[in-house]
1. Computing the accessible area with a 1.4 Å probe over protein heavy atoms, can you report the carbon and sulfur percentage for segment 408-520?
2. For segment 368-414, just say rounded, prolate or oblate: build the C-alpha gyration tensor, square-root its eigenvalues into a ≥ b ≥ c, call rounded for a/c under 1.5, and beyond that prolate if a/b exceeds b/c, oblate if not.
3. Sequence neighbours fewer than 8 away in the same chain don't count; with that in mind, list the lysines whose C-alpha is under 22 Å from LYS429.
4. Using only alpha carbon positions, build the gyration tensor of the chain, then give the equivalent ellipsoid semi-axes as the square roots of 5 times its eigenvalues, largest first, whole angstrom.
5. Please report, to one decimal in angstroms, the Kirkwood hydrodynamic radius of segment 179-226 built from all distinct Cα-Cα pairs.
6. In whole percent, and with a 1.4 Å probe on the protein chains, what portion of the accessible area of segment 627-675 is carbon and sulfur?
7. What length, rounded to one decimal in nm, is gained on full extension from GLU797 through to THR227, with 0.36 nm per residue of separation minus their alpha-carbon distance?
8. Based on the inverse mean of 1/r over its pairs of different Cα atoms, what is the Kirkwood hydrodynamic radius of segment 488-576, in Å?
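The values are calculated or read from the model by the stated rules, or taken from the named source; none is laboratory data. Predicted model, so just to flag it, every value in this text is computed and none were measured. When we count neighbours, we look across all protein chains shown, and the Cβ atoms used for this are built from the backbone with ideal geometry, even at glycine. Quick note on the areas: whole protein, heavy atoms, side chains included, nothing else; ligands and nucleic acids left out. Shrake-Rupley method; radii C 1.70, N 1.55, O 1.52, S 1.80 Å.
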Amino acid sequence: MIISVNWLKKFTQIDGTVDELATLIGARLVEIESVEDLGEKYNGVVVARVVECAPLEGSDHLNVTKIDDGGIVPDIERDENGLVQVVCGAPNVRAGLLVAWLPPRSTVPETFNDAEPFVLSAKPLRGVVSNGMLASARELDLYDDHSGILELDKEAAPGSSFAELYELNDYLLDIENKSLTHRPDAFGVVGFAREVAGIQGLPFESPQWLDVLDAAVENDGSAKAPTITIEDATLSDRFQAIVLSGVDETAKSPIQLQTYLARSGVRPINASVDVSNYLMLLTGQPSHTYDYDKLKAVAGDDFSVRVRLAKENETLVLLDGKEVKLDPADIVIAAGEAAVGLAGIMGGQSTLVDETTKNVLLEVATFDLYHMRSSQMRHGIFSEAVTRFTKGIPAPLSTPVLAEAVRMLQSHTGAKATSAAVQDYPGVKESISISVTEAQVNQTLGTQFASEDIADLLKNVGFSVVFDGLTANIVAPYWRQDIHIPEDVIEEVGRLAGFDTINLTLPRRDFVAVHPDAFDELRAVLRKSLVRAGANEVVTYSFVHGDTLKKAGQDPANAYRIINSISPELQYYRQTLTPSLLSNIFANVKAGYGSFALFELNKVHEKGDGLNDEQVPVENDRLALVVTDAKKKGAAYYDAKHVLEYTLSVLGINVSYEALNGQAAISVPFEPKRSATIIDRATGATIGVVGEYKKSVQKAFKLPEYTAGFELDPRELLKSLDALGIQYKPLSRYPGTERDICFQVNQAVPYSDVVAAAEAALANDQLIVTVNPLDIYQPNEGDTKNITLRIGLTSYEKTMTNEDVTAIIDNVIERVVQATDGKVI
């Protein structure tokens, strides 16, 4: 966004130099990317009057003119009357014109920023010397019109500065737009000037018409205005329109107005369009004009204008002739049932205003900023208007802008209002009121503001402030919808006064360190444990491609789709972390890392979990790990299980494993026959899933055969920790011993039954007991399998003898054989 300093000066005084102003704005309002001295471009451009004009002999279009420059240009050839000779080929040159003259040694403004600017000289044309040139609008770098020389529309003495006449002795501030995303008011010169006045502590002079929020427009009532309907109040707060006749589409706007458009980066076109663009730059409120008669014809018998969502497979031919397929999330303007415009972005070809237009419908409206952003990205249409709509334009602004647009169109195009302004206004909002005390402000900012200082700072930018003792009752102006809580007001006070002006002082109150949240502590322990286990932490995008979900066997329909995603590769919220980790395996293996483990702690979202109280998707925490080895053979399940059990042992959580079942998103990538559901023994809660992946998943992600992993719900882990409470077991002073036992059981007997029976037999508070799998052998043929357990025994009372250990092991064998109908081998 380009802001003209001279335009700002129409509403507030500017103290200091432009560099000082730019520094102040950068510190207290918005980042400025650059400052351009516009006046340099017009150095030497002189206002002159054409005194004589005669055809150049032997030419069919050139004229020899004599111009009066007031004699101010030195070292130039003049006739006996002090006039300067200039040859001009413009068809509109004639005696009496007031023109812009580029004398010899001056630079053509159009080429000012070129690598080799065009510097004029006195040179002969067809044998006649021409001293410089009479300039067109294009050559003056105002707008793209080279059909003739610029005819000045202000009276000025010959020899006057062209730059001073049209206020081009100006500085342009290039504003970094993203810094003002939440400030639609500052996307207009008036609003920006209000803020500049506020940060300088100087008065602000608002245009009187802008303060009249209920302005009525006089009309002759000769035209029928359409019925205005906003079908869904979430799409638009307000839509106003008025019918005008007699608009001269060939009329030109004043040059002064055109120069302000040009220096702001907007091309002047004609008076009708220029008025709309001028008011948009001035106030931040865009408008749009429809050919009234075409609109009425499209609407048919149902002469209504509707704001609605686009229908499925609906198309629209835009003003630029491009046909677009509308998305059901697009807001459209419809005449009757037919869409005639993409709301806030571009009108339709069917209601185009052209040279045949006799009557127009002028629209001033607001549209939901979130729909605007998604439509803008979807259709790739970026304009000054849609940029402002995506900031959230306040609805009360539309009436004064509509009234001023009518007045300017009447003045510059000869238009007249032929209907009353009609509207639909479902978005009426109450004023935002906030109370804040002097003490709150000073304690938060570390300042010593008096109540009068606070009131002056806020009033200067439009706030209403009434003090009741030391408590300020503040009403935010309608254009500040970003003010909601006392801290917002306090921030405004600090910003306007200047955070850089606050004296550095030590806090006057005690600060107590906040104890980390229990969940944060758990995550820290999990990270450290997994790193100690040899895994590497990664952080991947929360968004994934739909193909990634499909590769993992997950349904994209259960994932939230991002309408305005930053990339086609990142269109869906992920449902679990596992697909993101699997996506990184092949690239690392290909890069030469044959054996590694990756883990991630992050959030996921599933449609099935619904929305929270704030009507946004429920977030769930997850911990996922994958382990792979490109050269290793065998069951990767046990590697993943080993890392899992080590991590859980650090937390003191004991788990059991059950057969994997169900089609939850967390389970889908895992192979049911080679995976398990993880159950907390203490609470019976499901913690997650561990196992190897389906062949289809392995193939889709190009995984090594030896790949496995797990995915856990750390919130459930936290509940398990809470259920455990404080557990303490002292170390024994005596040495321990280990025994291995191999049981042969039926293939249908799960490993967990063997372990459960062994642990039941070992339940003894006087012993420290461990039960770990040593080997599981299952032949291809036969109906039995061998499970070898390693049992560790340590006594708190004594060094265990061989007889003590044998008695315990015999009890274990008896219980396991009885429970599983197996035998020891």
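1. 53 percent
2. Judged from the Cα gyration tensor, segment 368-414 comes out oblate (a/c at least 1.5, b/c at or above a/b).
3. LYS391, LYS459
4. Details: eigenvalues 1172, 194, 168 Å².
They are 77, 31, 29 Å, listed from largest to smallest.
5. Here the Kirkwood hydrodynamic radius works out to 13.7 Å.
6. Taking all protein chains in place, segment 627-675 shows 51 percent carbon and sulfur surface.
7. Gain on extension, GLU797 to THR227, equals 195.8 nm.
8. Values: mean 1/r = 0.0541 Å⁻¹.
One decimal place: 18.5 Å for the Kirkwood radius.
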